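What follows is a short report on a single structure.
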Amino acid sequence: MPEPPAEAVDEVAPDLARMRRERHARLVDGMADAGIEALVLLGQSNVGYATGARVPAADQARAIHRRSVALVTGDGAQPHLWTWFPEGAPTDLPRDHVHHGLALDLDADAGALLDVVDGVVTGDASLAVDELTMPLRAELRARARPYTDGGPAIGAAKACKTADELVCIRRAQAINEEAIAALAPTVTEGTRGTELTGAFLRHAFELGASANNVDPIWQVMPASIADGPTSVTGDLVFPTVTTDRPFERGDVIWVDNGLAYEGYMSDYGHTWVVDAEPDAGLREQCRRWREVVDATLDETRPGATARDLTAAAMEAAGGTRPWLPHLYLAHGTGTESAEPPFVGTDLGDAFDESVVLETGMVLVLEPVAWDDGHRGFRAEQIVTVTDDGWRSLSQLTWDGWE
Amino acid sequence: MTTAARRARVVDRMNDAGIDVLVLGREANARYVSGADRLWLAGTRPFAPGCVLPAATGEVHLLSITDDGLPPDIGADHLFPISWNPMNILDALAAIRGVAGATLIGVDGMTPLFEQLLGATLPDAALVDAEALLRELRRVKEPDEVDAIGAAVRAAEDALTQTAGELRAGVREIDLKARFEEHMTRTRLTAPAFEGTFCVAEAGAPPRTFVTDRAVRDGDRIHVRAGVMLDGFEGLVTRTLVCDGDPVRAPGLDDAVARCRVGARVGDLRSAGIGVEGTGLGHEELGADGVLLAGMTVAVEVLDDGVLDGAVVLLRAEGPQRLST
């Protein structure tokens, strides 16, 4: 199936207010299905999904202490939001639902949160949480307040994207691709990975990225796994932390980075060769990678299972599993850089058979074509499942590879 | 203080509290006990056992597929690989020497799923708050930690100096953030502590947080809050730049710093309009009832007649010492 072109960055714009309304409705539906009347959210991607609240991207060591917190109720009323950054609260959230930020690692604030929860829903309302700080856990136990796991309700809501969510993902990806296009020609012998990171972030923010969520990866690949770095499992190690070691002519670099637009994650992956054209071996690996992706996409449609996709990928790869064993053939993306559906994880074939594709799901395909001793090729393609198959949300370029 | 010495201090405190094992999900806590600086990711992550420290052995075990970039004293035999099946991770955790038979486990967060699985795997173990234990240990800094924080602060200040050199009319707020992020990476391996504020000040309005595509004009004041992570430590910088003029400093900053004396109550300082937050291996929480101790490092911030300004300060018995310019 030929790849239809993805939209350019400015072709479409999301309706953010509509996106928030539709996400909230999906979350309330997911809560009803799970029998949850009150859902307390601490995870930042979950709070963002439920409320639309923005917080500055921050190292985890800061983000956990300056997190926003949300309370979503099953009656469909507007959520409550506690935030250190009220400027990031959507204007359509009632002002009396926006509260001062909480330090949930301190006992007093854990109690203050539950005081509001107890004022909004009755004491016997079924309560779920996505995660807990230990003071919040202690306060729940002190009040004899049982709680369940909110994860499944959130997962059900997030699984299929609305049209506006897909626009945000495409826009994040288009910004990423444009930043990469500006950067790639500058890579040469002597360039340092950290320099690339700086230039990438500069381009990305100038182009309107809302945040960067992972230290960009520019990993110089060894010829073989035994060349290191040391692997606990004997499998290829990827990704590793970017260093300031200068690149050398002929280095094969696996690029992987993600930045966000309005809370939605892009995921760019490709293979670069420093100061040289890809040799015949790499081009052959690239061709095999594309065969695996094409075979996988041929099976991508509503009703197909993740197992159908792994089977197609393995058949195209001659019976081997053409992806990193500690990762996956494909993962979803949305408000998390890797979220369900997961395809080809170590959860196994039975799990993959239970994952059924639906319209609006997003898949980031990231197989690898590796020949130990001769390096390999890796890239990433993002698609969304449509009623009759799939549509691309990424636009990889193939200069020098064909 | 080496990581090994720091870890020994943690183990002493665990023994005092009767804690058999620490199971840590927060990266800053993992950095503190292991010295490892793993892949930088933004935002919160749900709890998962990323770092395990049994008191009986005093040896740290990390969730990682490779020892690449890890301190040499953490051998490959002290790593356990990532798995999408949480039971595999629990099994690896239970197999670590010193974990079986634990009755008190310190954790720095929890999810309903891991709460259930930990209970099933280690049914005799109760969970206690390891964040509180490590917060108390982490907040008093050793000299080498103060040096590391000072280096991170200088990296942030250098990046801001270079950014300020490119400030001129027509530059957008997002361009300033973009330039800072670029300059930040020139200091070895640097990631942001948070994505910074570079916002045109408006008279009478509180400082904004999020940059926009608003273009700066001559005479505009620009509020800056920014920070970098260097070797796992946070370096913060808070300033007010002026387009077509020299940066302005808040006259009240010196007095605010001087009031950050050992024994001062955090809530009293905040009531007086002085922002005070702990800083070190990232943000370190200080409650209003907290009292400043010798050896703490704090970020002090004031908004003085529209000028936003700040300093990073080491608290000493003989008085506060600025680590920033």
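Any chance segment B:55-63 includes a residue that's under 29 Å from A:Leu41 (Cα atoms), within 26 Å of the chain's Cα centre (by Cα) and open to solvent by 20 Å² or more (accessible area, probe 1.4 Å)? Quick ask: steps written out before the conclusion?
Pass one, segment B:55-63, residues under 29 Å from A:Leu41 (Cα atoms): B:62-63.
From the residues that got through so far, the ones that are within 26 Å of the chain's Cα centre (by Cα) too are B:62-63.
Within this subset, residues satisfying the condition of being open to solvent by 20 Å² or more (accessible area, probe 1.4 Å) are B:63.
Yes, some residue in segment B:55-63 is under 29 Å from A:Leu41 (Cα atoms), within 26 Å of the chain's Cα centre (by Cα) and open to solvent by 20 Å² or more (accessible area, probe 1.4 Å).
Scanning segment A:141-153 for residues that are within 11 Å of another protein chain (Cβ to nearest Cβ), more than 14 Å from A:Leu114 (Cβ to Cβ) and in a helix (DSSP H, G or I) yields A:Gly151, A:Pro152. Against the list (1) among the hydrophobic types (A, V, I, L, M, F, W, C); (2) closer than 29 Å to B:Leu62 by Cβ; (3) open to solvent by less than 50 Å² (accessible area, probe 1.4 Å), the condition A:Val273 fails is (2). Checked against (1) small (Gly, Ala, Ser); (2) free of Cβ contacts under 8 Å to residues at least 60 places away in the same chain; (3) in contact with a strand residue (DSSP E or B) (Cβ under 9 Å, 6 or more places away or on another chain); (4) part of a loop (DSSP other than H, G, I, E, B), B:Ala92 passes all but condition (4). Taking each residue of segment A:118-140 that is within 7 Å of chain B (Cβ to nearest Cβ) and looking for partners that are among the acidic types (Asp, Glu) and in a helix (DSSP H, G or I) with beta-carbon atoms closer than 6 Å, six or more apart or interchain, yields A:Pro135/A:Asp107. Condition test on B:Val140, is it surrounded by 18 or more Cβ atoms within 10 Å (Cβ to Cβ) and more than 14 Å from every other protein chain (Cβ to nearest Cβ)? It is false that B:Val140 is surrounded by 18 or more Cβ atoms within 10 Å (Cβ to Cβ) and more than 14 Å from every other protein chain (Cβ to nearest Cβ). Within segment A:339-364, being among the hydrophobic types (A, V, I, L, M, F, W, C) and either open to solvent by 10 Å² or more (accessible area, probe 1.4 Å) or closer than 27 Å to B:Met87 by Cβ (or both) holds for A:Phe342, A:Val343, A:Leu347, A:Ala350, A:Phe351, A:Val355, A:Val356, A:Leu357, A:Met361, A:Leu363, A:Val364.
The number of residues in segment B:69-108 being open to solvent by less than 40 Å² (accessible area, probe 1.4 Å), out of contact with any helix residue (DSSP H, G or I) (no Cβ under 8 Å at 6 or more places or on another chain) and more than 9 Å from chain A (Cβ to nearest Cβ) comes to 7. Number of residues in segment A:391-402 that are open to solvent by 10 Å² or more (accessible area, probe 1.4 Å) and part of a loop (DSSP other than H, G, I, E, B): the value is 8.
For A:Pro135, the conditions (1) part of a loop (DSSP other than H, G, I, E, B); (2) at pLDDT 95 or above all hold with the exception of (1). Give me the residue from segment A:161-177 that is over 20 Å from A:Phe205 (Cβ atoms) and not aliphatic (A, V, I, L, M) and, out of that set, surrounded by the most Cβ atoms within 10 Å (Cβ to Cβ). Taking the candidates together, the pick is A:Lys161.
Residue count for segment A:186-214 satisfying the condition of being farther than 15 Å from A:Tyr268 by Cβ, facing chain B (nearest Cβ under 7 Å), of a type in the set (S, T, N, Q) and within 19 Å of the chain's Cα centre (by Cα): 0.
Scanning segment A:230-270 for residues that are under 23 Å from B:Leu63 (Cα atoms), open to solvent by 20 Å² or more (accessible area, probe 1.4 Å), in a loop (DSSP other than H, G, I, E, B) and more than 9 Å from every other protein chain (Cβ to nearest Cβ) yields one hit, A:Gly234.
Go through segment A:215-229 and give me each residue that's modelled with pLDDT of 90 or more, part of a loop (DSSP other than H, G, I, E, B) and within 12 Å of chain B (Cβ to nearest Cβ). Step through it out loud before you land on a result.
Residues of segment A:215-229 modelled with pLDDT of 90 or more: A:215-227, A:229.
Pick out the ones that are also part of a loop (DSSP other than H, G, I, E, B) and you get A:215-216, A:221-224, A:229.
Once the filter is applied, which keeps residues that are modelled with pLDDT of 90 or more, part of a loop (DSSP other than H, G, I, E, B) and within 12 Å of chain B (Cβ to nearest Cβ), segment A:215-229 yields A:Asp215, A:Pro216, A:Pro222, A:Pro229.
hydroxyl-bearing (Ser, Thr, Tyr), within 7 Å of chain A (Cβ to nearest Cβ) and under 30 Å from A:Arg245 (Cα atoms): which single residue out of B:Thr111, B:Thr66 fits that description? Break it down into steps so the answer makes sense when it comes.
Working: B:Thr111 fails: under 30 Å from A:Arg245 (Cα atoms).
Going through B:Thr111, B:Thr66 in turn, just one is hydroxyl-bearing (Ser, Thr, Tyr), within 7 Å of chain A (Cβ to nearest Cβ) and under 30 Å from A:Arg245 (Cα atoms): B:Thr66.
Just one of the numbered conditions (1) facing another protein chain (nearest Cβ under 10 Å); (2) open to solvent by 10 Å² or more (accessible area, probe 1.4 Å); (3) of a type in the set (Gly, Ala, Ser) is not true of B:Ala130: (2).
Residues in segment B:149-188 that are assigned to a helix (DSSP H, G or I), within 14 Å of another protein chain (Cβ to nearest Cβ) and crowded, with 18+ Cβ neighbours inside 10 Å: how many?
18
When you scan segment A:160-175, do you find a residue that is part of a loop (DSSP other than H, G, I, E, B) and under 26 Å from B:Leu127 (Cβ atoms), even just one?
Initially, segment A:160-175 is screened for residues part of a loop (DSSP other than H, G, I, E, B), giving A:160-162.
So of that shortlist, the ones also under 26 Å from B:Leu127 (Cβ atoms) come out as none.
Looking for residues that are part of a loop (DSSP other than H, G, I, E, B) and under 26 Å from B:Leu127 (Cβ atoms), one finds none in segment A:160-175, hence no.
The values are calculated or read from the model by the stated rules, or taken from the named source; none is laboratory data. As the structure is a computational prediction, the values presented were derived from the model and not from experiment. A quick note on method: Cβ atoms are made from the backbone with ideal geometry, for glycine too, and the neighbour counts reach across all protein chains shown. We work out accessible area using only protein heavy atoms, side chains counted, and drop any ligands, DNA or RNA first. Shrake-Rupley method; radii C 1.70, N 1.55, O 1.52, S 1.80 Å.
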